[in-house]
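To keep things clear, I will list the structure first and then write my remarks on it.
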Amino acid sequence: MPDLFPLQVTINGQTRRCSVEPRTHLVDFLREDIGLKGSHLGCEHGVCGACTVELNGQIVRGCLTLAVQADGGTVQTIEGLSQSGTVRDLQQAFIARNALQCGFCTSGMLMAAKELIETRPEATRTEVRDWISGNYCRCTGYHAIVDAICDVLRQRKES
Ligand code: FES
Ligand code: FES
């Protein structure tokens with residue numbers, strides 16, 4: 001049995017104390033130890049973006065980040081953002097634009113889109129395309145996703 005590392009991390013506003021194997025990736029920790037299955041595992045080597053979560057206020061690849069790197073930090077997952085209503089307008093826009101089919105990529109897309117909207121409220125359509133180019137969607141195609149994000153950029157500017 002490998003040594004376990006004591007971990008304290010605030011996940012979606014709730015402080016958790018756990019023990020993990022040092023090699024455990026953040027997304028595996030969230031899914032298997034904490035039971036938050038909204039972040040997905042696709043490529044498992046940093047390419048597809050399905051595992052995107054926020055660590056200390058910035059999006060990271062959950063499959064390239066070790067759980068121990070979150071020690072003492074804060075993590076936000078799609079579950080937390082959904083419950084707080086932070087991405088409600090994005091979720092509604094994805095539905096309105098048919099920007100999801102199987103939904104496998106959607107939590108990562110929403111995490112990435114949230115950071116874009118908060119950090120680059122003046123982003124152009126081209127910049128939106130660039131920003132989400134690290135998130136792969138195997139079914140919907142990207143036009144509808146870009147449309148949905150652009151809708152929310154416009155709505156938030158007008159509100
Ligand atoms: S599963 Fe992490 S980037 Fe693909
Ligand atoms: S909606 Fe299926 S992978 Fe994007």
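Before moving on, here are some points about what is shown:
- Of the GluC sites (Glu not before Pro) found in region 56-159, the ones in coil according to DSSP and having at most 15 other Cβ atoms within 10 Å of their Cβ are E122.
- Computed from the Cβ-Cβ distance with R0 of 22 Å, the FRET efficiency linking D33 to S82 stands at 0.65.
- Span-rule helices in the chain, defined as complete DSSP H runs reaching 18 Å or more along the axis (Cα) with Kyte mean at least -0.5: 106-119, 143-158
- Residues in region 120-126 carry Karplus couplings, in order, of 9, x, 9, 4, 7, 4, 5 Hz; the curve used is 6.51 cos²θ - 1.76 cosθ + 1.60 with θ = phi - 60°, and Gly or Pro positions show x.
- When region 87-158 is described by a simple charge dipole with +1 on each Lys and Arg Cβ and -1 on each Asp and Glu Cβ, the residue from A96, P121, V146 located farthest towards its positive end is A96.
- Mean-position separation - Cα centroids, region 72-118 and region 142-159, in angstrom: 13 Å
- Cα→Cβ-extended label distance, 7 Å offset, between C43 and Q92, nm: 3.4 nm
- Förster radius 30 Å - calculated FRET efficiency between E127 and T10 (Cβ-Cβ, nearest 0.05): 0.45
- 5 angstrom amide H check on H25, placed H, neighbours 5+ away: A67
- Residue by residue, region 31-36 carries 3J(HN,Hα) couplings of 6, 8, 8, 9, x, 9 Hz when phi is fed to the Karplus relation 6.51 cos²θ - 1.76 cosθ + 1.60 (θ = phi - 60°); x denotes Gly or Pro.
- Count Lys and Arg as plus one, Asp and Glu as minus one, and take only other residues whose Cβ is under 13 Å from that of L4; the net charge is then -2.
- Rounded to the nearest whole Hz, the Karplus-based 3J(HN,Hα) values (6.51 cos²θ - 1.76 cosθ + 1.60, θ = phi - 60°) of region 47-55 follow the sequence 9, 8, x, 5, 9, 4, 9, 9, 10, with x at glycine and proline.
- Net charge contributed by nearby residues that have their C-beta within less than 15 Å of K157 (K/R +1, D/E -1): -2
- Helix-only mean residue ellipticity at 222 nm for the chain, each DSSP H run of n ≥ 4 adding -39500 (n - 2.57), per residue, nearest 500: -10000 deg cm²/dmol
Computed from the coordinates by the stated procedures, all read-outs in this text should not be read as laboratory data. Because the structure is predicted, anything quoted here is derived from the model rather than measured. We place every Cβ from the backbone using ideal geometry, glycine too, and count neighbours over all the protein chains shown.
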